[in-house]
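Single-structure report; data block below.
The values are calculated or read from the model by the stated rules, or taken from the named source; none is laboratory data. Since this is a predicted model, take the numbers as computed values, not measurements. Please note: Cβ atoms are built from the backbone with ideal geometry, for glycine as well, and neighbour counts cover all protein chains shown. In case anyone asks, the SASA skips ligands and DNA or RNA and just uses the protein heavy atoms, side chains included. Shrake-Rupley method; radii C 1.70, N 1.55, O 1.52, S 1.80 Å.
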Amino acid sequence: MGDGRMRPAKLSANVFLELPPVLTHYVENVRNLWIEGNPKQGKLSLLNRQGVFSDIESLAVARRQLIEVLGLERARALCYRIGFEQGRRDAARHLRVFGQNARLTLQGGPVFRQLQGRGIATSVKFEFDLDARTLYRELTLRDSTEAMAHRVAVQANEDCACWTTAGYLSGHVSEILGRRVVTLETSCGARGDELCRFVSRFDPEWGNEVHWVRKALDMPSVDSELAEREAVAAKAQTMARRAQGRLNDLNRRLRSDLIAASVVADSPVMEPVMALVRRAMASEAPVLFVGERGVGCETLAQAIHYGSKRKAKPLITVDCKGLPEPMLLQELIGFNKGAFAGAVRGHTGALVRANGGTLYLNDISRLSVETQGHLLTALEESQVRPIGADKPTKTDIRLIGATREDPKDLLASGALREAFYYALAVLPIPVPPLRERGADILGLAESFLAEFGERYDRPNTRFSEEFKRALLDCDWPGNVRQLRNVIEHAVIIGPDAELPAGTIPEEVLASRWRGSPPRTLSEEAVRAALRQARGRRGKAASQLGIGRTTLWRLMKRMGIEEDGSDGP
């Protein structure tokens, strides 16, 4: 509209309009005759409408703050809504000014925007048919102040940014035609285009490209949206709590099964043991393991703890056989500073450190009767009095004990208090030795091989068939602990490939043939026993479970020379 005229606009199939004189005279002068200022009264008006002047920098500051506070998407939506409402109100005013003349009002919108200094509009195409429910309006805007302000506010911009202008054109036409019209900007000076170009259509004629406009125009207030989201969040939290409760129950059962499954226990004799372990996971009852040293009681205790409701609390282990009685009592119940000579600082006992969790005691046969009394108090009254303390300390523990001796023998000898035994042995679990768990030996060995292969960076190490047979033949007096040590020893000294039987310590190999009939003993077995016994035939014969004379005959038959003492 640089010459004060708009291009022909097709309002129906056969009607074209030029910009009429009633609108042309607003923009035909070089100077704006419609702006009035009264500095003394601090007033500025355009066409008798009081307002204010905002320069490009002020507009840029407002745009930048909107984007920083609301985010780009919400800032765009808000600007479009503001423009839409401004356009709708201007259209209502223009209709009154032009006596409800829709044609003049449609063209008046861009004219009055130009008077406000928002840019120079030029109509490219404008046609619509209300009967056919079609509309297409295209216009360009040169020197858009909104585009200029956006370029100042956002230095790097690749999208169209005349959001308020597009909203204004939408609201202006929508108010005149009585139907929602959506305007999109297709090129923009804010991103470096020569002109800002706008296309308007009835809402249904657009596709998904105006989805954000529809959301913006129908967007609820922040208060209502927050209230709705709070209601949704409250409902979600309630459902989440219920679901979490159900999930916790399921996880507890699943975790119990997984932890129990992680324990290598495939032999038939371990089936009743693992059944009791699973029951222990689901309960709070004290547990007493009975089995030889090294059978894996501590591993089973860990499985019970981490499969129970107490898993998030501490698991404290105390080896009773490793401490003399006075120190054992101090370790369990704790003491205050100055409680006895040498107590320069206090010590929190295991019964308090394990509060909320589990206390595992290995070899309870080493506990004195006095110490058993303190443990019984902790179990029955949930409290313990540290040495030197004026009052007891609350504690909530689950006690798991282990003994390699028959509890009945301990009761008969008085080493085990009857009340303490019955409080602890709510759930007694006998654990068989490794020599009775043949099906578990290779499984345990493989798990130890994986552990030590990773620890010592020997990922390719594996068992030879000879190594596996040797493991199955040994009687494992040290049980699982001994097997673990043997595998670590073999991984350290063996090749990074197949481990031969020779990487098994000789004292273990010697036990491989213990009790075998003399005719089945191999030369390898005899030589291994002699090496282990340092040539002493009496000790070697004992290891093989045969007499010295029988050993001498075997050595003669095998051509093994005497190379040591003939002592016992």
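Annotations
- Restricting the stretch 329-366 to chymotrypsin sites (Phe, Trp or Tyr not before Pro) in coil, as DSSP defines it, with at most 11 other Cβ within 10 Å: Phe340
- Average accessible surface for the chain: 53 Å² per residue, computed with a 1.4 Å probe over protein heavy atoms with every protein chain in place.
- Sites matching GluC sites (Glu not before Pro) across the stretch 264-361 that sit in DSSP coil, with at most 14 neighbouring C-beta atoms within 10 Å: Glu284
- For the chain, the fraction of 1.4 Å probe accessible surface lying on carbon and sulfur atoms is 50 percent.
- Crossing angle, helix 438-455 versus the chain [Cα axis fit, 0-90 degrees, rounded to tens]: 60
- Within the chain, helix-based [θ] at 222 nm, where runs of 4 or more DSSP H residues each add -39,500 (n - 2.57), nearest 500: -15000 deg cm²/dmol
- Backbone phi angles across the stretch 178-183, fed through the Karplus curve with coefficients 6.51, -1.76 and 1.60 (θ = phi - 60°), yield HN-Hα couplings of x, 9, 5, 10, 10, 10 Hz in residue order; Gly and Pro are listed as x.
- Rg in Å to one decimal, and Dmax rounded to a whole Å, for the stretch 106-168 via C-alpha atoms: 14.0, 45
- For Ser308, distant residues with modelled amide H under 5 Å away: none
- Distance violations [Cα-Cα > 23 Å] among Lys235/Lys313; Lys337/Lys394; Lys313/Lys394: Lys235/Lys313
- The Cα-based radius of gyration of the chain, divided by its Kirkwood radius, gives an Rg/Rh of 1.38.
- Reach of Lys468 by Cα under 29 Å, taken over lysines that are not fewer than 8 positions away in the same chain: Lys539
- On Cα atoms only, tilt of 163-177 relative to the major axis of the chain in degrees: 60
- Area projected by the alpha carbon convex hull of the stretch 111-238, averaged over all directions, nm²: 10.7
- For the stretch 544-558, putting each phi into the Karplus relation 6.51 cos²θ - 1.76 cosθ + 1.60 with θ = phi - 60° gives couplings of 7, x, 10, x, 5, 5, 4, 5, 4, 5, 4, 5, 5, 5, 8 Hz, in residue order, rounded to whole numbers and with x for Gly and Pro.
- Taken along its principal axes, the alpha carbon cloud of the stretch 330-369 reaches lengths of 29, 25, 13 Å, longest axis first.
- Orphan Cys of the chain, criterion: no other Cys C-beta under 4.7 Å: Cys79, Cys162, Cys196, Cys297, Cys320, Cys474
- In the stretch 257-352, the trypsin sites (Lys or Arg not before Pro) that fall in loop regions by DSSP, at most 12 other Cβ within 10 Å: Lys337, Arg345
- Over the stretch 286-399, all Cα pairs binned in 10 Å intervals from 0 give whole-percent P(r) values of 14, 45, 33, 8, 0, listed from short to long.
- Long-range Cα-Cα pairs in the stretch 301-360 (distance over 14 Å), rounded percent: 59
- Axis angle, to the nearest 10 degrees, between helix 72-97 and the longest C-alpha principal axis of the chain: 20 degrees.
- Amide H contacts of Cys474 (H built 1.01 Å from N, under 5 Å, at least 5 apart or other chain): none
- Nonlocal amide H pairs with Val124, under 5 Å, H built at 1.01 Å: Glu138, Leu139, Thr140
- A simple rule links phi to the HN-Hα coupling: the Karplus curve 6.51 cos²θ - 1.76 cosθ + 1.60 with θ = phi - 60°, which for the stretch 298-306 gives 5, 4, 5, 5, 4, 4, 5, 4, 6 Hz, with x for Gly and Pro.
- The convex hull around the C-alpha trace of the stretch 377-534, projected and averaged over every direction, spans 15.2 square nanometres.
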